[in-house]
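S.K.: Questions regarding the structure given below will be posed in turn.
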Amino acid sequence: MRLFVALVPPDEAVEHLDSFLEVRRGAAPYRWATSEQFHVTLAFLADVEERRLDELEERLARAAVRRTPFETAIAGGGAFPNAGRARVLWAGLDLDERGRTEIDRLATGCRAAANRAGIEVDGQRFRPHVTVARLGRPAEVSNFVRLLDGYAGPRWPADRITLVASHLGEGPRGRPRYDNVGEFALAGGRAGRDASPAS
């Protein structure tokens, strides 16, 4: 199974970002993310044996309850690896000092939970972001970075993490299809919602 652990923004935040991008998607032939794909990846697990899933969920639940909810908003943006030779356009998160500490520790806890369940985790350095577009070849995207840099969405409480299954090529126009496998509340967070396609 191809899985990732994520913060999934609420509908209001997703719709706000989607509306901002909608009028700009026609300006460049990038592979623009759909609203169903907006999330902040905390840990990417490219190859998970199904027999390890129960232990993974148990360990993620424990990791989540060690952290407390924090407020954030999708705001700002940039490009990976840089605006001059971009392969990915992204929107950032507005985090105060406590929020930055919590999300960093949350990502570390999720990665440790997967490792302890015997699952290999993508080793890239964690940088909280929402991917909004992928480029087929490196390109100069300074204008888009400036646009994203001026974006600010509504604030929302990050109070849960979601384990998501990614099915490559099964979504619209050959994109991945996402299914929620489980949700785990942070300490003091709301009770988990029913598993459904990630939004």
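S.K.: Determine the pairs where a residue that is under 21 Å from Ile103 (Cβ atoms) and in contact (Cβ under 8 Å) with a residue 12 or more places away in the chain, located within the range 40-58, has a partner that is of a type in the set (D, E, K, R) and not in a helix (DSSP H, G or I) with Cβ atoms under 8 Å apart, the partner being 6 or more residues away or on another chain.
M.R.: Going by the 8 Å Cβ cut-off, the qualifying pairs are Ala43/Asp122; Phe44/Asp122; Leu45/Arg2; Leu45/Glu120; Leu45/Asp122.
S.K.: Are there any pairs with C-beta distances below 6 angstrom linking a residue in the range 15-33 that is in contact (Cβ under 8 Å) with a residue 60 or more places away in the chain to a residue that is of a type in the set (Ser, Thr, Tyr) and buried (at least 17 other Cβ atoms within 10 Å of the Cβ), with the two at least 6 apart or on different chains, and if so which?
M.R.: Pairs that qualify, where the first residue is in contact (Cβ under 8 Å) with a residue 60 or more places away in the chain and the partner is of a type in the set (Ser, Thr, Tyr) and buried (at least 17 other Cβ atoms within 10 Å of the Cβ), are Phe20/Tyr151; Ala33/Thr131.
S.K.: When you go through Arg24, Arg67, Arg52 one by one, which is the residue that is modelled with pLDDT under 95, among the basic types (Lys, Arg) and more than 14 Å from the chain's Cα centre (by Cα)?
M.R.: Result of the check over Arg24, Arg67, Arg52: Arg24.
S.K.: Still on this structure, I have one more. Sort out which residues of the range 1-47 are surrounded by 20 or more Cβ atoms within 10 Å (Cβ to Cβ) and β-branched (Val, Ile, Thr), and write them in order of number.
M.R.: Val5, Val8, Val14, Val40, Thr41
S.K.: Considering only the range 46-91, state which residues are in contact with a Leu (Cβ under 8 Å, 6 or more places away or on another chain), closer than 22 Å to Gly123 by Cα and not aliphatic (A, V, I, L, M).
M.R.: Result: Glu57, Arg67, Gly78, Arg87, Trp90.
S.K.: Among the candidates Gly109, Gly123, Gly118, which residue alone is within 19 Å of the chain's Cα centre (by Cα) and loosely packed, with under 15 Cβ neighbours inside 10 Å?
M.R.: Being within 19 Å of the chain's Cα centre (by Cα) and loosely packed, with under 15 Cβ neighbours inside 10 Å holds for just one of Gly109, Gly123, Gly118, which is Gly123.
S.K.: Is it true that some residue in the range 136-149 is under 21 Å from Thr72 (Cα atoms), of a type in the set (Phe, Trp, Tyr), at pLDDT 95 or above and crowded, with 18+ Cβ neighbours inside 10 Å?
M.R.: For the range 136-149, residues under 21 Å from Thr72 (Cα atoms), of a type in the set (Phe, Trp, Tyr), at pLDDT 95 or above and crowded, with 18+ Cβ neighbours inside 10 Å: absent.
The values are calculated or read from the model by the stated rules, or taken from the named source; none is laboratory data. Since we're looking at a predicted model, the values are computed, not measured. As a convention, Cβ positions derive from the backbone with ideal geometry for all residues, glycine included, and neighbour counts pool all protein chains shown.
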